[in-house]
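As structure tokens, the structure follows; a few thoughts come after it.
The values are calculated or read from the model by the stated rules, or taken from the named source; none is laboratory data. Just so you know, these numbers come straight off a predicted model, no measurement behind them. Here the Cβ positions follow ideal geometry from the backbone for every residue, glycine too, while neighbour counts run over all protein chains shown.
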Amino acid sequence: MSAATTRSRTPDRLCAEAVDLARAAAEEAAAPGVVGEHVGLISEGDRVVTHFFECRELGYRGWRWAVTVARASRAKVVTVDEAVLLPGPDAVLAPEWVPWSERLRPGDMGPGDLLPTDADDLRLEPGWSGEDEPPPNSAVSEDMAALAEAEDAEVTGARPAELPVTPPRGTIAAVADELGLRRARVLSRYGLHTAADRWEEAFGPKTPMAQAAPAACVSCGFLVRIGGSLGQAFGVCANEFSPADGRVVSLAYGCGGHSEAAVMPKPPQPAPPVIDETRVDPFPLRPAPDSGSVPVAEDASSAELGHS
Ligand code: SF4
């Protein structure tokens with residue numbers, strides 16, 4: 001039979017009456033004057049009772065001094081088991097402890113920090129490592145690779161033994177290298193989706209910046225395309241004046257720095273000077289004699305100096 005089933009729910013009478021003994025034990029354990037009213041008791045088992053006293057210590061609102069007393073079977077003397085300070089139902093407590101791996105937030109990592117990933121991290125899945133041998137009848141089997149290697153040696157003049165140790169052309173490893181697949185783990189579908197959600201939230205079409213943008217990134221000259229499946233929905237902004245410079249942006253994002261949003265007006269140019277050489281303007285050099293003050297025009301040949 002378990003201990004829980006043998007516990008008496010009715011407090012032992014002698015233990016329940018030992019309030020003064022419990023108070024003395026609490027006052028001995030606590031600082032002077034911080035043990036308050038007796039606020040209750042509970043039966044912990046046969047002839048074992050815990051008394052609670054209010055704690056008046058600053059910073060311990062809702063905590064209680066708990067003193068457990070007990071007596072032996074057929075004994076009339078009650079003794080103290082222990083006296084501790086325990087939080088009551090209304091106690092002010094620190095927030096529940098959260099493991100560090102769940103506490104980390106983007107941007108928390110600093111230089112020199114290491115962030116290990118779990119072996120079963122949902123964001124990752126096994127990549128193609130190249131450890132598996134191709135099937136014997138495969139078009140990229142060892143025979144095929146040897147043929148390709150020999151062909152390379154003919155072209156480059158190097159003997160096969162002198163060739164670099166990069167995967168031979170025509171092997172799965174070479175193709176995998178080209179595609180960037182030879183990694184122990186790669187992003188899982190879950191990892192892709194969570195990354196896309198994060199990026200969409202930070203630089204997506206629902207942000208105030210995008211809502212007020214004259215056009216979307218998809219048509220912007222500052223957008224640098226990225227590869228992979230995420231490249232269908234995201235790119236990298238390369239406009240130093242944009243808030244998203246160097247960041248992954250949704251193709252539906254946008255900002256006022258869009259390359260085609262506005263064209264800078266050219267500075268005003270003065271009109272070119274007009275030179276009229278098609279006619280001659282007569283210009284008087286001196287007043288005509290005997291004609292009062294009315295000037296006489298020079299003839300056409302002598303008036304060339306008067307050209308405008
Ligand atoms: S400048 Fe603005 S519109 Fe152009 S790619 Fe960057 S964020 Fe998008």
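Determine if the range 255-277 includes at least one residue that is touching a Cys at 6+ places or on another chain (Cβ under 6 Å) and surrounded by 11 or more Cβ atoms within 10 Å (Cβ to Cβ). First the steps, then the outcome.
Of the residues in the range 255-277, the ones touching a Cys at 6+ places or on another chain (Cβ under 6 Å) are 258-259.
Remaining after also requiring surrounded by 11 or more Cβ atoms within 10 Å (Cβ to Cβ): 258-259.
Yes, that holds for at least one residue.
In the range 48-64, the qualifying residues are those that are within 41 Å of the chain's Cα centre (by Cα) and in a loop (DSSP other than H, G, I, E, B), and the one that is surrounded by the most Cβ atoms within 10 Å (Cβ to Cβ) is Y60. State all residues of the range 257-269 that are modelled with pLDDT of 80 or more and not hydroxyl-bearing (S, T, Y); if no residue qualifies, say none. G257, H258, E260, Q269 - these are the residues of the range 257-269 that are modelled with pLDDT of 80 or more and not hydroxyl-bearing (S, T, Y).
Search the range 270-308 for residues being polar (S, T, N, Q) and assigned to a loop (DSSP other than H, G, I, E, B), and hand back the single one that is modelled with the lowest pLDDT. Taking the candidates together, the pick is S308.
Across the range 203-233, what is the number of residues that are closer than 22 Å to D121 by Cβ and either among the acidic types (D, E) or touching a residue at least 24 places away in the same chain (Cβ under 8 Å) (or both)? Write out each step before concluding.
At the first step, the residues of the range 203-233 found to be closer than 22 Å to D121 by Cβ are 228-230.
Applying the additional criterion that residues be either among the acidic types (D, E) or touching a residue at least 24 places away in the same chain (Cβ under 8 Å) (or both) yields 229-230.
Looking only at that region, the number is 2.
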